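One structure below.
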Ligand SMILES: Cc1cc2nc3c(=O)[nH]c(=O)nc-3n(C[C@H](O)[C@H](O)[C@H](O)COP(=O)(O)OP(=O)(O)OC[C@H]3O[C@@H](n4cnc5c(N)ncnc54)[C@H](O)[C@@H]3O)c2cc1C
């Protein structure tokens, strides 16, 4: 059996950068948002690598990456992502900011997915990260799924096994450090990935070259997809106040420190 | 305005602590808005759970019941929640942010023509309208906002209020019928380390974090992973704390095989890990970099042991930084904790 694996994923600011909220004409935004170095959203990245592995194991399968983000930034991020695994890019030109409304992003993504030539729901595995590192809502994929009429949905996925009988065996993160095991009889299904089990693939220039042949035209024809904060009215967006004054204890003996820590642990 | 509080029962038929916390926050919100609220419960046999909260002040109790609702499964949970929201004609819906509800609430909002917000850490009232707070960019910044679309569905994070407490009674719930297509998904079970091997303990008072330093060459030029493993396991056993880790440490082994075998990505705290809630946190052999410490947003008192006096913890991220060898300190801690 072959699969059509569509991965929804966009870009997020490098987590090592200092982020500062500002108020822009369209509501809250990040200071110097367009200047911040960007990465592929980490959990969406895991989804992409898992997709590529599964596609590699099932002849005739194909992976698409559907990304809504500012075209110029998408191009930068794709320079690296393209070297990781084979995929076809579907690009949408709009804001990837965390304050945009998930339902608007989902509407744009669903429309782009439905326009993919040869889309076959009976083969479709809709992937993405279970949460973005920007909005952090874990909402977009579910709404895309609903728009495509897919009601077998899984979130916090760490493992997907495609069984010989066509069924899907899925492990989802649940409370208390456990995984819930589900079996879904067949595609289509929505899977929001957590970390999965694959390391980040090494850069492969050959894969990069093959991908870029499709990526550049995809970026050129990226549809303008203006997404906004929708019906949200923001009252405030603030950085946490740094209230802790760290006491640095340098010359205490291990015995003294241990006694201090044990008293602290035991104290109510 | 009409408020619906949604909850699901646990496998033993009760409501989880997170559900009771969300209930308390909903009772408070309803009072502030001067609006009555309805309780909607889903589960195999949710009647006893409804009775347990019968005196919470809800004007009505609705239930969706049956064996197919014992499983945490999108298709059945979304259908049940949709039926409850329609039966209650709810304009504002609250639910605890459990993995089960997080899976369905955004899709549910779409079905109802509404909007959902997840990871809500606070609810309040401003100008007579509900408003919420939640974090953006993985706990980097906090926003307060409101929405105009209804229904508005809110997944409330654990710790949003003290759990609801009150007398049990008789709830007399109305059963809501749900028509289901035969589910294509079956929940077949759970995978977890054996109970005595489980290192993730959400209810623990203390989060104990291990960093990559435990596996690095020490002052004497030796790598002491076996000793690290013994010290960490012993501390977990004696303190009953929950084990968190940095990404660097869980990633070390690669290919899912950790250097410290009891660590997995489920233990990872931070940007691409979890953001647990504990009253206290003790970090060891960890540098306290921002992508890690954003996962400490909801940890109360914080202490760290690191050899590096200039690590991230020193810069306002911990209350106390002990500049010391964690191997030496933890050995003494274990000795003091031993019965
Ligand atoms: C996209 C992205 C996402 C990320 N997500 C996460 C995340 O979710 N979680 C996360 O943790 N990181 C994350 N990181 C990585 C993060 O930036 C840091 O690299 C990581 O947290 C460092 O781990 P560490 O502190 O264990 O290791 P190191 O930086 O190697 O620090 C080890 C520390 O141990 C100390 N040490 C060594 N021996 C001893 C001893 N005997 N006693 C006491 N101290 C000792 C050293 O002095 C040092 O301070 C992410 C990075 C990126 C780019």
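The values are calculated or read from the model by the stated rules, or taken from the named source; none is laboratory data. Predicted model, so just to flag it, every value in this text is computed and none were measured. FYI the Cβ positions are ideal-geometry reconstructions off the backbone, even for glycines, and counts take in every protein chain you see.
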Review point. Considering segment B:285-313 alone, what residues qualify as being at the interface with chain A (Cβ under 8 Å from one of its Cβ atoms) and either closer than 17 Å to residue A:261 by Cβ or more than 9 Å from the ligand (Cβ to nearest atom) (or both)?
Key: B:297, B:301, B:302, B:303, B:305, B:309, B:313
Point to revise | residue B:40 vs. criteria without any contact (Cβ under 8 Å) to a residue 40 or more places away in the chain and either assigned to a strand (DSSP E or B) or at positive phi (or both) | key: no
Check your understanding: Got a number for residues in segment B:214-225 being more than 32 Å from the chain's Cα centre (by Cα), at negative phi and either more than 10 Å from the ligand (Cβ to nearest atom) or assigned to a helix (DSSP H, G or I) (or both)?
Key -> 3
Review point. Can you pull out the strands (runs of 3 or more DSSP E) entirely within segment A:170-250 that have at least 3 residues that are closer than 27 Å to residue B:204 by Cβ and at the interface with another protein chain (Cβ under 7 Å from one of its Cβ atoms)?
Key: A:178-184, A:247-249
Exercise for review: Would you confirm whether any residue within segment B:250-258 is in contact with a strand residue (DSSP E or B) (Cβ under 7 Å, 6 or more places away or on another chain) and crowded, with 18+ Cβ neighbours inside 10 Å?
Suggested key: yes
Exercise for review: Identify all residues within segment B:169-179 that are at pLDDT 95 or above and either at positive phi or not in a strand (DSSP E or B) (or both); write none if there are none.
Suggested key: B:169, B:170, B:171, B:172, B:173, B:176, B:177, B:178
Exercise for review: May I ask you to list the residues in segment B:191-202 that are more than 7 Å from chain A (Cβ to nearest Cβ) and without any contact (Cβ under 8 Å) to a residue 60 or more places away in the chain?
Suggested key: B:194, B:195, B:196, B:201
Check your understanding: Taking segment B:153-190, which residues are under 22 Å from residue A:169 (Cβ atoms) and either touching a residue at least 60 places away in the same chain (Cβ under 8 Å) or in contact with a helix residue (DSSP H, G or I) (Cβ under 9 Å, 6 or more places away or on another chain) (or both)?
Key -> B:181, B:183, B:184, B:185, B:186, B:187
Review point. Taking segment B:202-213 as the region of interest, how many residues are in a strand (DSSP E or B) and more than 8 Å from the ligand (Cβ to nearest atom)?
Key: 4
Point to revise | Out of A:42, A:25, sole residue that is modelled with pLDDT under 95 and either exposed (fewer than 13 other Cβ atoms within 10 Å of the Cβ) or within 18 Å of residue A:131 (Cβ to Cβ) (or both) | key: A:25
Review point. So which of B:81, B:24, B:58, B:95 ends up being in a helix (DSSP H, G or I), in contact with a strand residue (DSSP E or B) (Cβ under 9 Å, 6 or more places away or on another chain) and surrounded by 18 or more Cβ atoms within 10 Å (Cβ to Cβ)?
Key: B:81
Practice item. Confirm whether residue B:177 is under 30 Å from residue B:82 (Cβ atoms), loosely packed, with under 14 Cβ neighbours inside 10 Å, more than 8 Å from chain A (Cβ to nearest Cβ) and more than 16 Å from the ligand (Cβ to nearest atom). Key: yes
Study note, to complete from the structure: Heads up, the strands (runs of 3 or more DSSP E) in segment B:105-161 (entirely inside) with at least 2 residues that are surrounded by fewer than 23 Cβ atoms within 10 Å (Cβ to Cβ) are B:115-126, B:129-136, B:141-147
Practice item. Taking residue B:146 as the residue in question, decide whether it is more than 23 Å from residue B:71 (Cα to Cα), in contact with a strand residue (DSSP E or B) (Cβ under 7 Å, 6 or more places away or on another chain) and in the same structural domain as residue B:100 (by TED's automatic domain parsing). Key: yes
Review point. Considering segment B:314-328 alone, what residues qualify as being buried (at least 19 other Cβ atoms within 10 Å of the Cβ) and within 8 Å of the ligand (Cβ to nearest atom)?
Key: B:324, B:326, B:327
Review point. Looking at segment B:254-283, which of its residues are facing another protein chain (nearest Cβ under 10 Å), near the ligand (Cβ under 8 Å from one of its atoms) and within 26 Å of residue B:226 (Cα to Cα)?
Key: B:268, B:270, B:273
Practice item. Report yes if residue B:280 is crowded, with 18+ Cβ neighbours inside 10 Å, touching a residue at least 24 places away in the same chain (Cβ under 8 Å) and not assigned by TED's automatic domain parsing to the domain that holds residue B:98, otherwise no. Key: yes
Review point. Does residue B:187 qualify as being away from chain A (no Cβ under 11 Å) and either closer than 30 Å to residue B:88 by Cα or not in a helix (DSSP H, G or I) (or both)?
Key: no
Exercise for review: Answer yes if at least one residue in segment A:72-84 is touching a helix residue (DSSP H, G or I) at 6+ places or on another chain (Cβ under 9 Å), in a strand (DSSP E or B) and surrounded by fewer than 24 Cβ atoms within 10 Å (Cβ to Cβ), and no otherwise.
Suggested key: no
